[in-house]
Structure formats: structure tokens, C-alpha cells
1. 7 Å from Cα along Cα→Cβ at both Arg212 and Asp163: what's the point-to-point distance in nm?
2. For region 105-259, take N as its residue count and report Rg(C-alpha) divided by 2.2 N^0.38 Å.
3. Quick one: which residues, 5+ away or cross-chain, put their amide H under 5 Å from the amide H of Leu152? H built at 1.01 Å from N.
4. About the Cα centre, and with charges only on the beta carbon of Lys, Arg (+1) and Asp, Glu (-1), how big is the dipole of region 21-96? Nearest 20 debye, please.
5. Skipping prolines and chain starts, which residues have an amide H placed within reach, meaning under 5 Å, of the one on Ser126, given they are 5 or more residues away or on another chain?
6. By the scheme Lys and Arg +1, Asp and Glu -1, what is the net charge of all other residues having a beta-carbon under 12 Å from that of Glu132?
7. What is the spin-label model distance, in nm, from Arg130 to Leu64 if the labels are put 7 Å beyond Cα along the C-beta direction?
8. Taking H placed 1.01 Å from N in the peptide plane, check which residues at least 5 places from Leu86 or on another chain put their amide H under 5 Å from its amide H.
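No value in this document is a laboratory result; all are computed from the given coordinates. Note that the structure is predicted; figures quoted are calculated from it, not measured. Note: ideal-geometry Cβ built from the backbone for every residue, glycine included; neighbour counts use all protein chains shown.
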Amino acid sequence: MGQWRVSPVSEETSGGAGIDTATAIRPDYPEPLWIQAVNLINREIASGVLKPGMRLPPERELCLQLNISRVTLRKALNKLVEDGVLSASHGRGWYVAQAPGVGKEWPNSLESFTETAARMGLVAGSRVLRAETKPASLDEAEELSIAPGTPLFHLERVRLLNDVPIALDVTRIPATLAPALAEADFTVDSLYERLAEAGIEPLRADATIEAREADPSAAEHLDLAVGKPVLVMRQLAVDRAEHPLFVSTITYAGDRYRLRTFFARSR
């Protein structure tokens with residue numbers, strides 16, 4: 001079978017390099033056309049042409065490149081999603097999934113989103129939705145063991161890996177711990193790094209995780225359909241003296257996140 005290329009699409013463009021459609025899919029081959037399409041895309045990923053996190057060209061362009069119908073293409077793409085090779089982002093297209101055991105797996109150690117991205121060889125980014133200081137409410141004060149009305153820095157971000165939205169992160173931290181947070185550019189800055197500069201080091205984060213359906217806000221920011229599954233992780237980070245530092249509520253797109261942990265049997 002001849003060489004071909006499915007060119008990934010950047011967020012700014014809508015097309016990729018053309019291919020030799022005469023050699024891409026062979027109607028005279030015994031395999032169904034959709035299986036040939038699955039095999040071709042798998043080979044492009046295995047060869048490194050399509051890398052984890054890359055977006056495929058639009059379906060219309062893929063149909064032209066592969067010389068197959070939209071129905072056939074959809075069958076192939078859905079199969080690749082079932083196999084964990086691709087992921088679908090509502091309204092944005094089809095993405096190459098992260099490599100098993102690397103791209104979709106978070107460790108059970110405490111590290112920042114930026115550190116996690118670097119460990120996986122990916123680029124972390126953020127879209128800042130909110131960054132402001134407001135007095136702590138009664139509930140917020142109780143959570144963080146502070147007095148009601150204490151200035152609280154609210155940071156809300158869409159977290160990105162290679163420009164793919166992964167999570168919606170809402171963090172609240174007493175402003176007195178790190179007054180310079182209000183001046184940071186959290187589109188590129190790491191919260192953990194800014195805290196370290198202020199001499200603040202989280203030792204541990206107590207977390208709970210539960211499955212929910214995406215509400216309209218989460219669906220919009222994570223490019224999901226309303227009602228799609230999300231994982232919501234709530235964290236309370238503390239320092240070495242067990243004093244609360246900050247509270248985070250992180251909503252992960254269900255098909256883009258996997259938590260790795262371990263269980264030991266006591267003796």
C-alpha cells in the first residue's frame with residue numbers, strides 16, 4: 001500500500017497537507033474500508049507523524065484525503081476512540097489520545113499541573129477566567145481555618161495540555177500568604193512556583209474524587225456536551241505544620257484523565 005499522511009491541524013488552521021488518495025484506501029482490498037482507515041491512522045500514530053494531543057483535520061477534509069464517505073470515516077474514528085487511540089472533543093474535532101501510562105495518567109504524588117506536563121513532555125497552558133481578591137465567606141473561612149472577611153485570592157482557569165482543554169481549576173488561597181499572586185500572569189505562570197517564591201511549600205493535599213455530569217459551564221470550557229461524564233477532584237493543601245494553604249476544585253474531562261494510585265494490605 002502506498003505512503004500517505006494525515007496531517008494534524010493546528011488551532012489556527014483548518015487544513016493539512018494533501019495525500020495521494022489513490023493509494024490511501026483500496027476498495028479492491030478484502031478489508032472493509034473503515035478497517036483500512038483505522039489501520040492507516042494507527043500507522044501514522046505509530047510512526048510519530050500524528051503525536052499525542054494533536055488534532056486531526058476536519059472530517060470533510062479527511063474524507064477527501066482518504067476517499068471514503070463520512071459514514072465510513074465516522075465508523076473508523078469511533079472505533080479508534082473505543083480503542084483509546086483517539087478522543088473526541090465536542091465541537092472541536094478528533095484528537096490523538098495521550099500514550100497509555102504516560103499522557104493520561106497522573107501520579108499519586110503531589111505535583112503542579114506544570115510539573116506534570118513537563119514530566120509527560122507536554123506544554124502546559126491556561127485560559128484565566130477569574131483572578132481577583134474578595135473577602136472570605138463563612139463557608140470559605142471555615143474550610144481554610146481563617147476568619148470570615150479575610151482577603152481571599154480566587155483563581156479560576158481552564159488548564160490546557162498542548163492547547164487541549166483538560167480541566168477547569170478553581171482555587172482559593174488567603175491573599176496574605178502570597179500577596180504577589182494578584183500580579184502574576186497565570187496564563188503562563190505556575191501557582192506552585194509563585195507560592196515557592198513566597199516561601200510557601202504544600203506538603204500534602206487531601207483529595208476526594210467523584211464522577212458527575214458536566215454542567216453548562218464545565219461543558220463550555222472543556223468542549224464537552226452538557227451531561228457528559230467529568231471527574232471532580234476537591235483538594236485541600238496543607239503545609240508541614242498541617243495549616244491549610246488553599247482549596248482547589250478541579251473538574252477533569254472524563255475521557256482525558258486517569259488517576260493512578262495504589263493500595264497496600266496491612267499486616
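1. Placing both labels 7 Å along Cα→Cβ, they lie 3.0 nm apart.
2. Values: Rg = 15.1 Å, N = 155, 2.2 N^0.38 = 15.0 Å.
The reported ratio for this selection is 1.01.
3. Sorted by chain and number, the residues that satisfy this are Lys134, Ala136, Ala175.
4. It works out to roughly 220 debye.
5. Leu160
6. Details: positive: Arg130, Lys134, Arg172; negative: Glu156.
That sum, taken over residues with Cβ under 12 Å, equals +2.
7. Calculated label separation equals 4.3 nm.
8. Long-range HN contacts for Leu86: Val81, Ala97.
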